[in-house]
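Report on the structure given below.
The values are calculated or read from the model by the stated rules, or taken from the named source; none is laboratory data. All values reported here derive from a predicted model rather than from experimental measurement. Reconstructed Cβ throughout: ideal geometry from the backbone, glycine too, with neighbour counts over all protein chains shown.
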Amino acid sequence: MTSPTKPAEPGIGMRLALDLGPLAIYFATYAATKHDIFISTAVFMGVTAVAMLVSLIRFGKVSPIQIFSAIMVLILGGLTIWLHKDWIIKIKPTIYYLTVCAVLIWGLATGRPTLQMVLGQAYPGLDAEGWRLLTRNWAIFFFCLAIANELVWRNTSTAFWLSYKLWGSMPATLIFAACNVPMLMRHGLAADDNKVVLPPEE
């Protein structure tokens, strides 16, 4: 009897495309429409839905936290357009980061491997202490991203805020993930498994 084929895991390139694609199109639409945040937000909502569909068809799954992020885009994006208030979509990253941070802290406090459940088998061989430290590090990082998002959108233009999201927070996330690899290797991650794995982005 043939065993069912395991769904493919997205590589770093596809993962970045699914995460960065909607944001890049959001930024491009904002520029093309002469800084119309409301048209851009509508396009962002549509492209986010398409990215989720691609993930489901290509890889056979969409993580709960990715679903949560997409729901936030649709709800807050819809409110942005309906109420004509651009600050609503701008607080979406803050809410996302603080929610993920809270979930990770709750996991640490209750001894539940919440990050391990999200990343699955991405770090084979990593011991319990390694998962605890990785969870703590990401919780702190997401809290810092929430503060950064608030500072940027409240004190700069919409164009700068979008640029920061595309060229600031994402590269910072990649660098932060890479900086954790030496710690992971000290806690059981094999040398040939030291790839950079990112938690789901907002």
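Summary of computed values
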quantity	calculated
Residue satisfying all of: in region 143-190; among the hydroxyl-bearing types (Ser, Thr, Tyr) and surrounded by fewer than 18 Cβ atoms within 10 Å (Cβ to Cβ); nearest to Lys92 (Cα to Cα) among these	Thr158
Hey, Tyr123 in the same structural domain as Lys165 (by TED's automatic domain parsing) and within 18 Å of Lys165 (Cα to Cα) or not	no
The one condition in (1) without any contact (Cβ under 8 Å) to a residue 60 or more places away in the chain; (2) part of a helix (DSSP H, G or I) that Lys165 fails to fulfil	(1)
Residues within region 1-18 that are in contact with a helix residue (DSSP H, G or I) (Cβ under 7 Å, 6 or more places away or on another chain) and either at pLDDT 70 or above or under 23 Å from Leu76 (Cβ atoms) (or both), tallied	1
Residue check for Arg154: within 24 Å of Lys61 (Cβ to Cβ) and free of Cβ contacts under 8 Å to residues at least 12 places away in the same chain	no
Selection from region 115-142 of residues that are buried (at least 20 other Cβ atoms within 10 Å of the Cβ) and of a type in the set (Val, Ile, Thr)	Val118, Thr135
Which numbered condition Ser63 fails, given (1) over 27 Å from Gly188 (Cα atoms); (2) at pLDDT below 95; (3) in the same structural domain as Tyr26 (by TED's automatic domain parsing); (4) not charged (D, E, K, R)	(1)
Whichever residue in region 42-73 is within 17 Å of Phe27 (Cα to Cα) and not β-branched (Val, Ile, Thr) and, among such residues, is farthest from the chain's Cα centre (by Cα)	Ala42
One residue from Val43, Val62, Val103 being in contact with a helix residue (DSSP H, G or I) (Cβ under 6 Å, 6 or more places away or on another chain) and not in a helix (DSSP H, G or I)	Val62
Residue within region 44-53 that is of a type in the set (Gly, Ala, Ser) and under 23 Å from Val152 (Cβ atoms) present	no
Pairs where the first residue, in region 114-143, is under 15 Å from Val181 (Cα atoms) and the second is hydroxyl-bearing (Ser, Thr, Tyr), C-beta under 7 Å, 6+ apart	Thr135/Thr114
